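Okay, so here's the structure we're looking at.
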Amino acid sequence: MRTILSTMLSLSLLLFMSCGQGQKEEKKDGFQYEQAPEKEAPASDKAEDGIVITGNDMMQYNTKEIRVKAGTTVTLTLKHIGKLDKQVMGHNWVLLKQGADLIGFASQASSAQESDYIPEGTEDVIAHTKMLGGGQTDTITFEAPAPGTYQFLCSFPGHFAQMQGTFIVEE
């Protein structure tokens, strides 16, 4: 029995030691890795017919800043690139008037489910998209307001904390 165990142990050791022999190993100096070419990350994608913004299932817009010229016609497309339903992870894009209280608006909007989280009768909104679920898209067109800095957000309950940004209107 000892001879069998001894033979098996010797064969295992021989097999272990011979693994990898005959293979040429290339060693490189220092740590290297292949890196994909960097893509320029635009503040927002510009389509031929306007601005394209995406929202995902991680409660994120692809941009925190949008710049437009005063008096121009703005065409904005919101694409929900996630998979979740709008009842669970709905997104919209809401542009507020200058001086509007973002937190106050978001708080008021959270109880306006029947109107897609846009409070009825509010005077704080310049423009907004529909509430979208995963895979849906909505496009809106509006006149850029006077030069200045405005705020935009997603008004789905709780999303405004991460999904907000500035809309800068330049002269």
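The values are calculated or read from the model by the stated rules, or taken from the named source; none is laboratory data. Because the structure is a prediction, the values reported are computed rather than measured. Don't worry about glycine lacking a Cβ; one is built from the backbone with ideal geometry, like all the others, and counts go over all protein chains shown.
Please give the strands (runs of 3 or more DSSP E) falling wholly within the range 75-171 in which 2 or more residues are farther than 17 Å from residue 65 by Cα.
Of the strands (runs of 3 or more DSSP E) lying wholly inside the range 75-171, those with at least 2 residues that are farther than 17 Å from residue 65 by Cα span 137-143.
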Restricting attention to the range 31-53, the residues that are touching an Asp or Glu at 6+ places or on another chain (Cβ under 8 Å) and modelled with pLDDT of 50 or more number exactly 3
Being within 17 Å of residue 164 (Cβ to Cβ) and not hydrophobic (A, V, I, L, M, F, W, C), is that true of even one residue in the range 128-144?
yes
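Which residues, counting only those in the range 47-74, are not in a strand (DSSP E or B) and not small (Gly, Ala, Ser)? Outline the logic, then answer.
Just the residues of the range 47-74 that are not in a strand (DSSP E or B), to begin with: 48-49, 56-60, 62-64, 70-72.
Once the filter is applied, which keeps residues that are not in a strand (DSSP E or B) and not small (Gly, Ala, Ser), the range 47-74 yields 48, 49, 56, 57, 58, 59, 60, 62, 63, 64, 72.
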State all residues of the range 102-127 that are among the small types (Gly, Ala, Ser) and either within 15 Å of residue 160 (Cα to Cα) or in contact with a helix residue (DSSP H, G or I) (Cβ under 8 Å, 6 or more places away or on another chain) (or both); if no residue qualifies, say none.
104, 106, 107, 109, 110, 111, 112
Just the residues that are farther than 25 Å from residue 148 by Cα, surrounded by 15 or more Cβ atoms within 10 Å (Cβ to Cβ) and of a type in the set (A, V, I, L, M), please, taken from the range 82-136.
84, 89, 112, 131, 132
